[in-house]
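The values are calculated or read from the model by the stated rules, or taken from the named source; none is laboratory data. These figures come from a predicted structure and were not determined experimentally. All Cβ positions, even for glycine, are placed from backbone atoms using ideal geometry, and neighbour counts span all protein chains on display.
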């Protein structure tokens, strides 16, 4: 028989955290699931650990594949998933024992395409902050607006604090070669989604201070933020795309530049500044068409896209003398 849920865990270089992650899934109060462990060519003992767990629990399926990155690993799991619903867990994180019971019941009771729970964010073993939700159901246009227009982004970009109806996402794949792909994935399935339900309580534990396939320092791949924003613009209804396109370009360009400043790595990342300008040159027609910013906001956006180094230096001076 088909399991109710397929849980996909991409795995790379997380030997110290993997057993805690797997145990937290196997200890769920909801029992009717398959656990798909995707060893993405991990150089440590992760592959061996996965194989050892198959001897302990028949619900576990292991895929060993050549390293291809987080998106590739998740896609490999999607290729074989049999569940009516699909969940994703990052292999250095762990979950509370009631998580999938809460998510599954929410989907059934509300006939949801996606159900969502809150998350704890851990650093150095302590809770740094948490994202909680009110119990609510978003239907039709509300679902679009909750994802695209709500500035507080109540449902969050992570795919991991959600349960997804398989028929809505089974033919969609994560974009290989990108990072920060969760938000892009959410937007790209947006037209398939009719109902989103959110539940109170935090059941997902996110480890924010680990260097794994899901965490990385600033690099040329960080430009995925800008490429993802462009892909989102091209993939969702225009009335929503227009409301978020310039807003998100400003936000993510500034984020990249401030991360470079925070890491004190301006010289090392001059190639990123060059590629930011190249991105805006390549897409100047669309940006000119959609840019309705005025006054200070317009000046700021001009500096961000045309003079990113100047923006960093201005910020550096203002911080020094603030």
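Of the residues that make up the range 140-156, is at least one modelled with pLDDT of 85 or more, surrounded by 20 or more Cβ atoms within 10 Å (Cβ to Cβ) and under 21 Å from residue 200 (Cβ atoms)? No, because not a single residue in the range 140-156 is modelled with pLDDT of 85 or more, surrounded by 20 or more Cβ atoms within 10 Å (Cβ to Cβ) and under 21 Å from residue 200 (Cβ atoms). Scan the range 173-188 for residues that are touching a helix residue (DSSP H, G or I) at 6+ places or on another chain (Cβ under 7 Å) and in contact (Cβ under 8 Å) with a residue 60 or more places away in the chain and the total you get is 7. Taken as a whole, the structure places residue 135 among residues that are more than 28 Å from residue 46 (Cβ to Cβ), surrounded by fewer than 17 Cβ atoms within 10 Å (Cβ to Cβ), touching a helix residue (DSSP H, G or I) at 6+ places or on another chain (Cβ under 9 Å) and assigned by TED's automatic domain parsing to the domain that holds residue 42. Condition check: more than 19 Å from residue 232 (Cβ to Cβ), surrounded by 15 or more Cβ atoms within 10 Å (Cβ to Cβ) and in contact with a helix residue (DSSP H, G or I) (Cβ under 6 Å, 6 or more places away or on another chain). Does residue 163 satisfy that? In short, yes. Filtered by the rule that a residue be in a strand (DSSP E or B) and surrounded by fewer than 21 Cβ atoms within 10 Å (Cβ to Cβ), the range 90-119 gives a lone residue, 118. Assigned by TED's automatic domain parsing to the domain that holds residue 137 and over 19 Å from residue 164 (Cα atoms), is that true of residue 97? No; evaluated as a whole, the condition is false for this residue. Taking the conditions (1) crowded, with 16+ Cβ neighbours inside 10 Å; (2) at pLDDT 90 or above; (3) under 22 Å from residue 74 (Cα atoms); (4) in the same structural domain as residue 112 (by TED's automatic domain parsing) in turn, residue 178 satisfies each one other than (2). Across the range 156-182, the number of residues qualifying as assigned to a helix (DSSP H, G or I) and more than 15 Å from residue 228 (Cα to Cα) comes to 4. In this structure, does residue 42 turn out to be under 22 Å from residue 157 (Cβ atoms) and buried (at least 16 other Cβ atoms within 10 Å of the Cβ)? Spelling it out, it is not the case that residue 42 is under 22 Å from residue 157 (Cβ atoms) and buried (at least 16 other Cβ atoms within 10 Å of the Cβ).
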